[in-house]
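Structure first, commentary second.
The values are calculated or read from the model by the stated rules, or taken from the named source; none is laboratory data. Everything numeric here is computed off the predicted structure, so don't read it as measured data. Here Cβ is always computed from backbone atoms with ideal geometry, including for glycine, and neighbour counts include all displayed protein chains.
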């Protein structure tokens, strides 16, 4: 009996952890990652990504218990039936010519694009409410998003996650080029992180250093992803990204030596205890190619090689959760394979309605190799209504940056890798084909000067003078075009005639 | 206006106007000239003040100390330039890149309509080099420009050195909110024009240039720098731009602030600033400066590379380092500090410069005359053309006169026949004089090849001589058209013609005065008296001489003499004539290369108008 009991106990003990794991899988997980890329210009880019994955169907179930996933965003998803949400705040401009292609490109200012579920009946109302709520969450002026700066793109901005249908009616896109990003936007963003800025990589997010850079972009991406390989159910993924570029000239005096401390005035001490994975990648590709004396200290235990944005890259990997998993370097076949873009062009133009909606011009074009393509739009400058001028009208008015989305054929074919296993910086945009990679580029916003009345004294003077001139003109015109002559007064009024009649009757001489 | 609608009172008023017209005209003309001369005196000149809040209250501390570096750059630049004989593009690119700028080049070429003899160029091709300092954390929506023109005659190497040293210093600072473009142009203004056209993606002058690879948003302000020595005794500032456009007064105020702060000696039109404005000497000196400015502005030439920026609504001015025999000299550090201060303050701007005046006259750097105060001068002069009113009334009275004299009341029908003939007789002189103007505008440049084939002259000479020939041919016109015009013996014909000419002149002068006061005033001051006096009776030789002396060409010649007189470098007659010919060629050339409007304005507008008066004089 005792033996039996002991056996049963052993069986229980053996089964215990496994059985528990099957019935109650780890419902949410956090991965955090920092990529440090020395840029061709000598500057250094640092890209943080924090990814929280939650295996629950937020829209269907009434979820009340939140662990890693921020509650504020979770409630947002269920309340407004969101399919996807992408929000970015950027200060500065990514100089592709000098810095190379970015992992995450964003336009200057604030950008918000959202796919709603097809169960939403009044998309515009939800969009309006959502932007107001987000405005509160991130302390930003997103509440200025209205119909005048919202567009519904038809060709670009396809869903990045799982999607049943892509009826663009449920897509909304808006950019606020004037939005200034500062600490007040960073703090709420940091608060969404499970470890806040107490431990892990987020320790490095020190505002005074982050805002001492040439480029600063922070973003939030929410999308549904497959829970497992067979995609039987969905999970929700929240990615918080932050990219900064440190200026070599200002902080490094033109030298290429960097340390975490010099960049962030912090060092990494401990991983975030909630994180399932916490890694730092350092791009050491150039040190191999150019025989440059780029030395990484301490020497990396592992390296990671992959095709990133069409080029072969080597990264030194530092796993903060000790060196459990090591990515073996893979051998890759070099091959040239060009994918022909679709031949037929597509142009979608939606003209603006004054004060209701902006212009939208979408073009699907095939660019010949080594060519310059210029898309120009002719416009007229018009006077606004005088109440529509901003308090600083002479600053000019912003035209939102234009967007270029492209599938670029990759020089080096990458092997299809397990999406869950690859580093975060490589897996935001789903690659449809291993021979090409997705790029989205933004241009600078354009500052246009509209005709502006002088709102000060001379304006009033001009108005007054014009009025006087107009009045005088009328009179002078009269004088020049009419002739006047004197007419004899007529016989007089009715009263006089009556009086004369009476006088005649009386025989008295008339008046 | 009831006063004028009442026929009786109107007649009385008309009589009054007719009687008092001559003295009123004289009084008005004298008042106009006197008002203009009084502009330099304190009640009419005011102290300048900073209107822009973003630049006013905060001071900046200048830290530029790269004097040696600037001299080093300048030496290298001069050496490379001497070696290659042109702008050392590769060296400039390398150096700009080494100080941390994004560097781009732009090549351009331009075939001038005819050879430019003063600058000795015809087929021009060159390369502009510019480096952009990208402001951290800004999206390249706004920028400032520091430009140095390098011409064939002025090497400007010290300015290039200072530009590079400033770029190196600016690159190390983190406070920039606007991108800064450091632009070195070849063939001075032609290069600037090519760059500006490419930057704004327009083509207004037929310049061929490669598109720009790098841009930095809307340019908010620009400063052009010309230095030709390591030390300067003073900095001269030029504001007059193309077609008499002026930058916002705040930009000048800003520069003046840093002149005072750094203790620099700053001049305007090459004239020292009067200190004492309470006595008579200060205003008199101010008057000279003012007259010089009026002459410069009236010429409509870009008085430095900044002049071309103004067309694109970029506030700009040119600084010239002058090295004279004065004892006290400043080195490049002092100039660099002033520029650093100016750029840092411009960096603070939230909006374009718009608060202060765009229309002003400057008797001194710290004094200005606002548009409200100088306009009456031109207004009084134009009032003289109200002489047309008298003519109108005379024409009217000639029709109604006899009946009115008889005291008869009732309708006074104008003889319709006389009226009709009066108008018909105007068509021929109007058309012919306009055609002369068109010929004056088109033929010199078109016919230069024909002229060079048949006469032993160069192209530039041919253009100028054709210009003068057509101009003079216009004077022979009335005799030819005399018999064409109807033989109506009455005075009505010339009166109608003069009336039309007066109204035409008044309209043109008023429009010119509104955009370019100086030009309008100069033309009004010269043309108005002769125009008002001219008639086919009386001392005709006297009128004729007066009319010729005040024709647009004669005004140009007179202005040249006055200009050199005020600059204390008087001209002899022969020199004056040479300068006059050169100015004619320059005027035509600048119209074609930069789009200056003075030449078409004179050829198509004022010259035909003046011919009408000539026609009036020889009516009989």
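Tabulated values for the structure
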read-out	value
Residue list for the stretch B:140-175, filter: within 14 Å of another protein chain (Cβ to nearest Cβ), part of a loop (DSSP other than H, G, I, E, B) and in contact with a helix residue (DSSP H, G or I) (Cβ under 6 Å, 6 or more places away or on another chain)	B:174
Residue tally, condition at pLDDT 75 or above, more than 13 Å from chain B (Cβ to nearest Cβ) and exposed (fewer than 13 other Cβ atoms within 10 Å of the Cβ), over the stretch A:422-459	0
Matching option when the condition is at pLDDT 90 or above and surrounded by fewer than 23 Cβ atoms within 10 Å (Cβ to Cβ), among B:250, B:236	B:236
Within the stretch A:230-323, helices (runs of 4 or more DSSP H) holding 2 or more residues that are at pLDDT below 80 and either in contact with a helix residue (DSSP H, G or I) (Cβ under 6 Å, 6 or more places away or on another chain) or over 26 Å from residue A:191 (Cβ atoms) (or both)	A:248-251, A:285-289
Selection count, the stretch A:354-401, where residues are within 24 Å of the chain's Cα centre (by Cα) and more than 14 Å from chain B (Cβ to nearest Cβ)	11
Those residues of the stretch B:197-232 which are over 28 Å from residue B:592 (Cβ atoms), touching a helix residue (DSSP H, G or I) at 6+ places or on another chain (Cβ under 7 Å) and part of a loop (DSSP other than H, G, I, E, B), in sequence order	B:227, B:228, B:229, B:230
Residues located in the stretch A:385-401, provided they are more than 23 Å from residue B:53 (Cβ to Cβ) and either assigned by the TED database to the domain that holds residue A:460 or in contact (Cβ under 8 Å) with a residue 40 or more places away in the chain (or both)	A:399, A:400, A:401
Residue in the stretch B:104-137 that is nearest to the other protein chains (Cβ to nearest Cβ), counting only those that are without any contact (Cβ under 8 Å) to a residue 40 or more places away in the chain and part of a strand (DSSP E or B)	B:105
Residue match in the stretch A:190-204 (condition: more than 14 Å from every other protein chain (Cβ to nearest Cβ), part of a strand (DSSP E or B) and either surrounded by 22 or more Cβ atoms within 10 Å (Cβ to Cβ) or touching a strand residue (DSSP E or B) at 6+ places or on another chain (Cβ under 9 Å) (or both))	no
The stretch A:95-117, residues that are in a loop (DSSP other than H, G, I, E, B) and either surrounded by fewer than 19 Cβ atoms within 10 Å (Cβ to Cβ) or in contact with a strand residue (DSSP E or B) (Cβ under 6 Å, 6 or more places away or on another chain) (or both)	A:100, A:101, A:103, A:104, A:105, A:106, A:107, A:108, A:117
So residue B:180, is it over 17 Å from residue B:305 (Cβ atoms), in contact with a strand residue (DSSP E or B) (Cβ under 8 Å, 6 or more places away or on another chain), part of a strand (DSSP E or B) and within 14 Å of chain A (Cβ to nearest Cβ)	no
Residue check for residue A:199: within 22 Å of residue A:83 (Cα to Cα) and in the same structural domain as residue A:86 (by the TED database)	no
Some residue of the stretch B:260-275 being in a helix (DSSP H, G or I), within 21 Å of residue B:49 (Cβ to Cβ), over 24 Å from the mean Cα position of the chain (by Cα) and modelled with pLDDT under 90	yes
